[in-house]
């Protein structure tokens, strides 16, 4: 955040809906902590954070009238300028809350969109953020401001009463959405070409996935010596980063770091960021990084798997192309660490991306999964067999080439047959 940026006094309200139960509404304390973290990542500081228990949201105000009156008094007392509701508000609920509180009100989706808008660096990331934002905004152009009810005169040959401002705004948004989708299709084709080129090299590809702030970028930096932004902040990484990692003996892989997942991920973002998440979908091995120091890590693990399932990776957790990395074991007590180690299975490993503890074990597991089907072969061709030599280059990585005038000797690392996936 820029030092010159004005701080907006913000109140954070976390609705705890009893009918959904704890598994859906999060642990209350952790829910408030995460909501405050989102506001901080947005560049603001919360004046106060509170949870409000309710049986179910009301259609008009989301909260009951008495609750809203009490919240209004607290906001006046603390000179609040912005209220963040850590949940999904309908356009009507948002508008009615703004009128009742006489303050600007935004929901969890709007906060995440704002964070993503600040963090996007690449052209693709910026386009995806804008598409998600416009899709979200389009559904909220319903008498949000009084000027939207004005009419403009008809143009062209039609005449008539004209077009209301809201209709004009919706039309402009629709046109912009179509334009962005076309641009993203071009980006998608470019990424497909790049992905195809990587397959021809061919380097196996592993992608990090996980809940936001689980330590993916810290682990990525430790392994690759890269300088990806890694902070104790939600959504520190947005745009995917890729690096080559060498294991020795001619074994090289591509490792990618991706955007973090979060519970109740807005539908607009799941759809808009599908092109970015394709790096995860297309990976030979998916590395799910989990913050095991978080008391709710099992819930966060389930949230990530749910999104992966929505993206088409059903039962990925039972696949041979999946690894779970239990990160931040250095933050656990001896007893807690021993408990985690007892539950580690063949596709799970405990690490500390900060100290490096366990990282060697993780890399050994990753190498075994990526190269288990790859073999080094010694091939011999006549110097005139251009087609055979070209095929060897196309289907494998050439580790060594020797010629004696009549024969060409190639030492080739075969491409892993990842097309036969579980």
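Of the peptides 56-68, 32-44, the ranking by mean beta-carbon count within 10 Å, highest at the top, reads 32-44, 56-68.
Divided by 2.2 N^0.38 Å, where N counts the residues, the Cα radius of gyration of the stretch 10-115 comes to 0.98. Put in order of Cβ neighbour count within 10 Å, fewest first, the listed residues 9, 181, 345 become 345, 181, 9.
Of the peptides 71-84, 116-129, the ranking by mean beta-carbon count within 10 Å, highest at the top, reads 116-129, 71-84. Shown for the stretch 65-137 is the translational diffusion coefficient from the Stokes-Einstein equation, using the Kirkwood radius over Cα pairs, a temperature of 25 °C and a viscosity of 0.890 mPa s: 181 µm²/s.
Look at 255, 178, 370 and count the other Cβ atoms within 10 Å of each Cβ; fewest to most, that gives 178, 370, 255.
Ranked by Cβ crowding within 10 angstrom, fewest neighbours first, how are 133, 288 ordered?
The most exposed by this proxy come first: 133, 288.
For the stretch 10-115, what is the relative contact order in percent, using Cα pairs closer than 8 Å and at least 6 residues apart in sequence? About 34 percent, as a whole number. Here the stretch 293-364 is treated as a sphere whose radius is the Kirkwood value from Cα pairs; by Stokes-Einstein at 37 °C and 0.692 mPa s it diffuses with a coefficient of 248 µm²/s.
Each reported figure results from applying straightforward, stated rules to the coordinates on display, with no laboratory input. Computed from a predicted structure; not experimentally measured. Because the Cβ atoms are built from the backbone with ideal geometry, glycine has one as well, and the counts that use them run over all protein chains shown.
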